[in-house]
1. Go through the stretch A:54-69 and count every residue that is touching a strand residue (DSSP E or B) at 6+ places or on another chain (Cβ under 8 Å), part of a loop (DSSP other than H, G, I, E, B) and modelled with pLDDT of 95 or more.
2. Return the residues of the stretch B:47-73 that are outside any loop (DSSP other than H, G, I, E, B) and free of Cβ contacts under 8 Å to residues at least 40 places away in the same chain; say none if nothing qualifies.
3. Would you confirm whether or not the stretch A:77-84 contains a residue that is out of contact with any helix residue (DSSP H, G or I) (no Cβ under 9 Å at 6 or more places or on another chain) and buried (at least 18 other Cβ atoms within 10 Å of the Cβ)?
4. Take residue B:42 and decide whether it is without any contact (Cβ under 8 Å) to a residue 12 or more places away in the chain and within 14 Å of another protein chain (Cβ to nearest Cβ).
5. Answer with yes or no whether residue B:44 is part of a strand (DSSP E or B), touching a strand residue (DSSP E or B) at 6+ places or on another chain (Cβ under 6 Å) and modelled with pLDDT under 95.
6. I'm checking my understanding of the structure. Among residues of the stretch B:22-39 that are crowded, with 17+ Cβ neighbours inside 10 Å and not in a strand (DSSP E or B), which one is nearest to the other protein chains (Cβ to nearest Cβ)?
7. How many of the residues making up the stretch A:23-32 are modelled with pLDDT under 95 and part of a strand (DSSP E or B)?
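The values are calculated or read from the model by the stated rules, or taken from the named source; none is laboratory data. In this text the structure is predicted, and so the values were computed from the model without any measurement. All Cβ positions, even for glycine, are placed from backbone atoms using ideal geometry, and neighbour counts span all protein chains on display.
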């Protein structure tokens, strides 16, 4: 079953606001990935994190790999309407072979 | 490259009917995956394949079968569809970890197949 707890489940914000979401687990992960899914489309990778403590940016997006290796967060600064979608975290463990574990997703709505 | 493609995009079945969903990738990826996505439950792994001719069960394999006869294709079959299988199905693929460290675990997703079972 699911091992990643992603929060919040949904967010309703105004254009221009900053957004923060996170994933936590009781298990250690050696990779954290953040995906975005636009309505009617498949998930697209936003940021990949491979080292504990790593902080990586991709434009207005910033993600961090927690030092304990059990959590990760994603920040979006100065949100715009096209940020609307579902954001998923995914983690990889050595014991899971080639499989990823996904969080339940955060539904983001941005009001113009 | 077309990336990962899925056929069909939409389908409506009656309970008990069978169908096959096709996933194709042109990136020469070794690994392929089938997920289902239901509201509030994220992505759940149905079956996956680590190479041509191999398949393995994921988290929710019951009611589904898969085949990987060619490296570029991964088929998902429903032998007797049930309303509980109404969902959006996603296929994904990724290269072997030996190709490049930065592609270590990233999976590339197709656009999805929306299936309704009445």
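1. Within the stretch A:54-69, residues that are touching a strand residue (DSSP E or B) at 6+ places or on another chain (Cβ under 8 Å), part of a loop (DSSP other than H, G, I, E, B) and modelled with pLDDT of 95 or more number 2.
2. Hits for the stretch B:47-73 are B:47, B:48, B:49, B:56, B:57, B:65, B:66, B:67.
3. Within the stretch A:77-84, one or more residues are out of contact with any helix residue (DSSP H, G or I) (no Cβ under 9 Å at 6 or more places or on another chain) and buried (at least 18 other Cβ atoms within 10 Å of the Cβ).
4. yes
5. The answer is yes for residue B:44.
6. Of the residues in the stretch B:22-39, the ones crowded, with 17+ Cβ neighbours inside 10 Å are B:23-25, B:29-37.
Now drop any that are not not in a strand (DSSP E or B), which leaves B:29-30.
Values: B:29: 11, B:30: 9 Å.
Once the filter is applied, the top-ranked residue is B:30.
7. Final tally of qualifying residues: 2.
Here's the yes/no breakdown for (1) over 14 Å from the mean Cα position of the chain (by Cα); (2) surrounded by 12 or more Cβ atoms within 10 Å (Cβ to Cβ); (3) more than 8 Å from every other protein chain (Cβ to nearest Cβ):
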position: A:8; (1), (2), (3): no, yes, yes
position: A:16; (1), (2), (3): yes, no, yes
position: A:21; (1), (2), (3): no, yes, yes
position: A:31; (1), (2), (3): no, yes, no
position: A:34; (1), (2), (3): no, yes, yes
position: A:39; (1), (2), (3): yes, no, yes
position: A:43; (1), (2), (3): no, yes, no
position: A:46; (1), (2), (3): no, yes, yes
position: A:49; (1), (2), (3): no, yes, yes
